[in-house]
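Everything on this sheet refers to the single structure shown next.
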Amino acid sequence: MDGKQLKNSILQWAIQGKLVPQNPKDEPAQKLLEKIALSRHSERSEESSKRSKKTSKNPTSRIYRENGVWYEQVGTATPKDISDEIPFEIPETWAWCRIGDIFYHTSGKQQSSSNKKGLPQKFITTSNLYWGRFVLDNVKVMNFTDEEIKSCSATKGDLLVCEGGAGYGRSAIWNEDYDICLQNHIHRLRPCVNGICEYVYYFIYLLKETNRLVSVGTAMPGLSANRLKGLILPLPPLAEQKRIVAKLEQVLPLAEEYGAAQEQLDKLNKELPEALKKSILQEAIQGKLVPQNPKDGCGNDLAKKLIEAKKRLISCGKIPNKAETKPFFTQEDLDAMPIPESWCWVQLSNVSIIQEGAGIRKNQYRNSGTQILCVTNILEGKVDLEKKQLFISTEEYLEKYKHLTLNHGDIVTSCSGGSWGKTACFYAEKTMMLNTSTLRLRFFDDLADNNYLYYLCKTPFFKKQLEQQLSGMQPNFGYAHYSRIIIPLPPLAEQKRIVAKLEQLFKVL
């Protein structure tokens with residue numbers, strides 16, 4: 001259970017009467033509702049004597065259970081079965097009601113620069129209203145008449161609720177000692193009795209966090225006035241509300257601390273394996289992962305064999321004779337990462353084939369034939385051949401691009417775009433060819449362990465040499481960049497021990 005789930009569980013216990021004990025001495029919530037209804041009826045009667053058209057405005061509802069069925073009666077209308085709206089059982093001293101029955105609702109004024117009536121007044125919008133707080137450093141000004149100030153402003157103790165946008169439902173209690181005007185996208189809930197806003201605030205918060213506040217049948221998310229006033233609320237006795245709020249204020253900060261600690265732990269659990277892998281790889285390429293064995297020989301002898309193999313391949317015309325490139329890292333860079341005496345530093349282009357893929361014309365694509373390995377097929381540590389494949393089949397193109405044919409065990413890597421650096425070993429029992437934005441590596445004549453080279457490609461040391469050659473915003477690497485890379489070369493026997501140890505360790509991580 002994460003912090004959010006714990007917080008929501010605590011709030012759910014609170015609104016079901018399970019967070020604090022009930023006290024038989026508390027005045028039942030139904031008595032509170034009756035007092036509120038009587039008070040509102042008196043107000044409406046007084047108002048109706050002035051404006052007869054308003055006698056039926058906002059009639060009070062009464063929710064009750066009879067023979068196991070929940071009914072709601074609005075004014076003098078016929079009671080309606082609302083059992084499907086009652087989500088859970090509540091204590092006997094509690095009652096169900098609509099939010100509109102315990103608050104006086106109004107909204108703010110529509111923002112308009114053309115409205116010149118009235119005097120300039122500060123007002124708040126949904127951008128000022130957050131969960132449990134207000135941000136008032138960017139309060140705007142608009143003209144309000146005296147009547148609008150009266151009907152479209154909040155006073156101390158009002159509960160304000162966002163109507164629309166991504167933050168709909170966000171709520172806070174206005175506790176400043178001065179009144180503030182409101183924009184029309186803010187609901188004002190003025191309590192019929194003092195002391196109920198805090199509990200209702202937590203109730204609304206829970207509904208929003210558990211996706212129970214969404215308006216049904218609307219294109220845009222929002223909380224209309226009718227939807228807000230119609231929310232059905234499990235109402236505790238007033239004294240119990242205060243105990244619930246006090247307990248929530250005590251335990252919710254602990255839940256948030258737990259949540260923060262859980263997030264840190266989750267982050268650590270996610271990042272630690274990768275950090276450990278990088279650390280292990282760094283140990284491996286510095287000769288610290290497995291012991292050296294004097295019987296293995298030395299890296300220099302192996303490097304000479306690889307260089308001779310390169311010369312043979314050039315003389316046979318199997319690889320082009322490209323001009324030597326200057327290594328990217330200097331001797332000073334290499335001295336900062338010492339390696340065993342039996343190892344040596346070599347330039348990647350002198351010991352391995354570096355082959356860029358090539359773009360094949362779209363008019364040569366076929367539905368069958370020789371498959372092309374695309375950059376999207378290369379995942380970190382895996383070649384995914386389930387993704388969409390392209391094919392070429394004409395003899396002309398197969399002959400032209402035969403140097404791009406992949407061998408079993410080749411290292412393939414994406415070398416451009418956001419996925420650059422993803423590297424895998426190609427193990428597939430089919431003929432495939434490199435496409436654009438891909439590159440393959442392989443030690444000459446397989447005289448060294450290609451798996452060792454694969455792990456080298458995954459090290460920060462290797463990638464740093466590429467990143468520092470990057471020019472421009474869009475990564476785009478090729479032979480010119482890879483050929484300048486310097487790698488540490490151990491004797492072949494030690495390479496195999498390193499690979500075996502890495503595979504053993506990475507199975508655990």
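The values are calculated or read from the model by the stated rules, or taken from the named source; none is laboratory data. What you see is a predicted model; the values in this text were computed from it and never measured. Every residue, glycine as well, gets a Cβ built from its backbone with ideal geometry; the counts of neighbours run over all protein chains shown. Areas reflect the complete protein model, heavy atoms only, side chains present, ligands, DNA and RNA absent. Shrake-Rupley method; radii C 1.70, N 1.55, O 1.52, S 1.80 Å.
Where in the range 55-138 are the strands (runs of 3 or more DSSP E), entirely inside, with at least 1 residues that are surrounded by fewer than 18 Cβ atoms within 10 Å (Cβ to Cβ) and touching a residue at least 24 places away in the same chain (Cβ under 8 Å)?
In the range 55-138, 103-107, 119-124 are the strands (runs of 3 or more DSSP E) which contain 1 or more residues that are surrounded by fewer than 18 Cβ atoms within 10 Å (Cβ to Cβ) and touching a residue at least 24 places away in the same chain (Cβ under 8 Å).
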Residue check for Gly222: open to solvent by less than 50 Å² (accessible area, probe 1.4 Å), closer than 20 Å to Val161 by Cβ, within 24 Å of the chain's Cα centre (by Cα) and in contact (Cβ under 8 Å) with a residue 12 or more places away in the chain | yes
Name the single residue, out of those in the range 306-335 being of a type in the set (Lys, Arg) and surrounded by fewer than 15 Cβ atoms within 10 Å (Cβ to Cβ), that is nearest to Thr405 (Cα to Cα).
-> Lys318
Conditions (1) under 34 Å from the mean Cα position of the chain (by Cα); (2) surrounded by 15 or more Cβ atoms within 10 Å (Cβ to Cβ); (3) assigned to a helix (DSSP H, G or I) -> Gln504 fails only (2)
Of the residues Gln30, Gln22, which is under 16 Å from Pro236 (Cα atoms), modelled with pLDDT of 95 or more and out of contact with any helix residue (DSSP H, G or I) (no Cβ under 9 Å at 6 or more places or on another chain)?
-> Gln30
Can you tell me which residue in the range 376-390 is modelled with the lowest pLDDT, limited to those that are open to solvent by 40 Å² or more (accessible area, probe 1.4 Å) and among the hydrophobic types (A, V, I, L, M, F, W, C)?
-> Leu390
Selected residue (criterion: least open to solvent (accessible area, probe 1.4 Å)) from residues of the range 144-191 that are among the acidic types (Asp, Glu) and under 25 Å from Arg212 (Cβ atoms) | Asp158
Which one is modelled with the lowest pLDDT among residues in the range 468-485 that are open to solvent by 10 Å² or more (accessible area, probe 1.4 Å) and aliphatic (A, V, I, L, M)?
-> Met473
Kindly establish whether Gly167 is assigned to a loop (DSSP other than H, G, I, E, B) and at pLDDT below 95.
-> yes
With Ala246, Ala255, Ala260, Ala275 as the choices, which residue is farther than 30 Å from Val74 by Cα, touching a Gly at 6+ places or on another chain (Cβ under 8 Å), assigned to a helix (DSSP H, G or I) and open to solvent by 50 Å² or more (accessible area, probe 1.4 Å)?
-> Ala260
Counted residues in the range 293-305 being over 15 Å from Asp449 (Cβ atoms) and crowded, with 16+ Cβ neighbours inside 10 Å come to 1
Matching residues in the range 426-457 - criterion: being of a type in the set (A, V, I, L, M) and open to solvent by 10 Å² or more (accessible area, probe 1.4 Å) | Ala428, Leu447
Is it the case that some residue within the range 224-238 is in a helix (DSSP H, G or I), small (Gly, Ala, Ser) and touching a His at 6+ places or on another chain (Cβ under 8 Å)?
-> yes
